[in-house]
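**Student:** I have a structure here, written as structure tokens, and I will follow up with some questions on it.
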Amino acid sequence: MRGREDEWTGLMRSAMAGDDAAYHRLLKAVTPVLRAAARRGLARAGQPPDQAEDIVQEILLAVHLKRHTWDSEAPFAPWLFAIGRNKLIDALRRRGRRVFVNIDDFAETLPGEAPQETASAAEVATQLDTLPQRQREVLQSIAVDSASIKDTASRFSMSEGAVRVALHRGLAALTAKLRDH
């Protein structure tokens, strides 16, 4: 998948530089992927998948009309798929059907079980001190100091991905330690 996305980005860059053949190859390469995604989206929404071709044409038209808005320093696929998602939602709205919304996207905002007993601040601080230094620093920066992942990464000379991993591992370890006590 990554190689295909890199190829698409390269083709779009060439197309933006005036290479019509690259633009044609790009549109030919993305069309089957867009068609499959449109069919899946229609099926999830209880719509017949035979309407996918109209959505694909709308996506391709939007790509053509809005290609000047694409940031050539960014990957092409996320930009393309955002257009595709929006065109699918527009088509479903026009048909008056309900749009499928994955509940996982809202899981954190839905009411859940009643909260269990929480640990005291002193107990959390004690258990926090037992974590490896990097996890402790990342947790402190994000959870206590309310710094963003980007700011924390910069502060500790880490990649944003490494900050996320340290945060996740630190939270998991801290949760396990607090459950044991």
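The values are calculated or read from the model by the stated rules, or taken from the named source; none is laboratory data. Small disclaimer: the values here were computed from a predicted structure and weren't measured. Cβ sites come from the backbone with ideal geometry, for glycine too, and all protein chains shown count toward neighbours. The area values use the complete protein model at the heavy-atom level, side chains included, leaving out ligands, DNA and RNA. Shrake-Rupley method; radii C 1.70, N 1.55, O 1.52, S 1.80 Å.
**Student:** Pick the calculated Cα extents along the principal axes in Å for this structure from (i) 42, 34, 30; (ii) 48, 44, 31; (iii) 63, 40, 23?
**Tutor:** (iii)
**Student:** Roughly how many percent of the accessible protein surface of the range 142-181 is carbon and sulfur, given a 1.4 Å probe and a whole-percent answer?
**Tutor:** Details: 1420 of 2730 Å².
Reported share for carbon and sulfur atoms: 52 percent.
**Student:** Order the following by accessible area, largest value first: F76, F81, F156. Probe radius 1.4 Å; ligands, DNA and RNA are ignored.
**Tutor:** Numbers: F76 0, F81 65, F156 35 Å².
Of F76, F81, F156, the descending order of accessible area is F81, F156, F76.
**Student:** Which percent of the accessible heavy-atom area of the range 1-64 goes to carbon and sulfur, probe 1.4 angstrom?
**Tutor:** Working: 1860 of 3510 Å².
Roughly 53 percent of what the probe reaches on the range 1-64 is carbon or sulfur.
**Student:** Then there's this: Would you mind getting the accessible area per residue of the chain, heavy atoms of the protein chains only, 1.4 Å probe, in Å²? Don't jump to the answer; show the numbers that get you there.
**Tutor:** Details: 12020 Å² over 181 residues.
With the other protein chains kept in place, the chain gives 66 Å² per residue.
**Student:** Report, in debye and to the nearest 20, how large the dipole of the chain comes out about its Cα centre when Lys and Arg carry +1 and Asp and Glu carry -1 on their Cβ. Write down the numbers at each step before the final one.
**Tutor:** Working: 26 positive and 24 negative charges, 145 e Å.
With only Lys, Arg, Asp and Glu charged at Cβ, the dipole is about 700 debye.
**Student:** I'd like the accessible area for S146: 1.4 Å probe, protein heavy atoms, all chains in place, Å² to the nearest 10.
**Tutor:** Result for S146: roughly 100 Å² accessible.
**Student:** With the dipole of the range 49-92 worked out from charges on the C-beta (+1 for Lys and Arg, -1 for Asp and Glu) around the Cα centre, which of H68, V56, A82 lies farthest toward the positive end?
**Tutor:** The listed residue farthest towards the positive side: H68.
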